[in-house]
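Below is one structure; the comments refer to it alone.
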């Protein structure tokens, strides 16, 4: 699935940088009914993880109260050049990944 | 013996009351303040929750509860010995009391998380931070919602 990742391409060592992620997902709550009264089954992303050169730096547990197309913004210290890996997982075996690289001077 | 009007009404009233109660209990579509407390206690345990250090930025008046921007920040130096372990956000009246749990580390640099949430009603939102010394701090905000999320019919 499509994801939008915003990570600065370059940073100074020790800088605190903001990482913003947006992924497309319906985040069906499991509390809605169709017009004929059937419950629409839950289909949400339950977990998000960000790894920086293999080390987990941020993790989130998501619930149906997170809006559709989950947006997350968080911070980290730029320590070394390398790669950020993002992973979303959820109901019905949903899994999606994305990555971004950074140059640290 | 013919049924009197009074007997008939009390009987009909009893049937109606008995008939409606199961429907109400089958659809608890609002988290109650008790559910909010339980959800908070599941995270916090018996620890005391203090007010302060946490800042919860959320609009006080929301037109559309389907997507409400929210930022939680915690005053913390974010060093190896004094940092924020996690941030937990709860609501009072959605069908479920949890909104999200966010796990940080000293390498986060700044204890701040933003996301967009759903609010099913005008209600209270609570953000709780767990610090590295296992103390808990909280902030609350009241949000007025004019168009609710979550429980509307699907088209």
Exception for residue B:83 within (1) touching a helix residue (DSSP H, G or I) at 6+ places or on another chain (Cβ under 9 Å); (2) over 30 Å from residue A:77 (Cα atoms) falls at (2)
Residues of segment A:52-98 satisfying the condition of being under 15 Å from the mean Cα position of the chain (by Cα), surrounded by fewer than 20 Cβ atoms within 10 Å (Cβ to Cβ) and in contact (Cβ under 8 Å) with a residue 60 or more places away in the chain = A:90, A:94, A:96, A:98
Test each condition in (1) free of Cβ contacts under 8 Å to residues at least 40 places away in the same chain; (2) within 15 Å of the chain's Cα centre (by Cα); (3) surrounded by 16 or more Cβ atoms within 10 Å (Cβ to Cβ) for residue A:21 and report the one that comes out false.
-> (1)
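Rule-based calculations on the coordinates, nothing more; no lab input. Because the structure is a prediction, the values reported are computed rather than measured. Quick reminder, even Gly has a Cβ in these numbers, built from the backbone with ideal geometry, and neighbours come from all protein chains shown.
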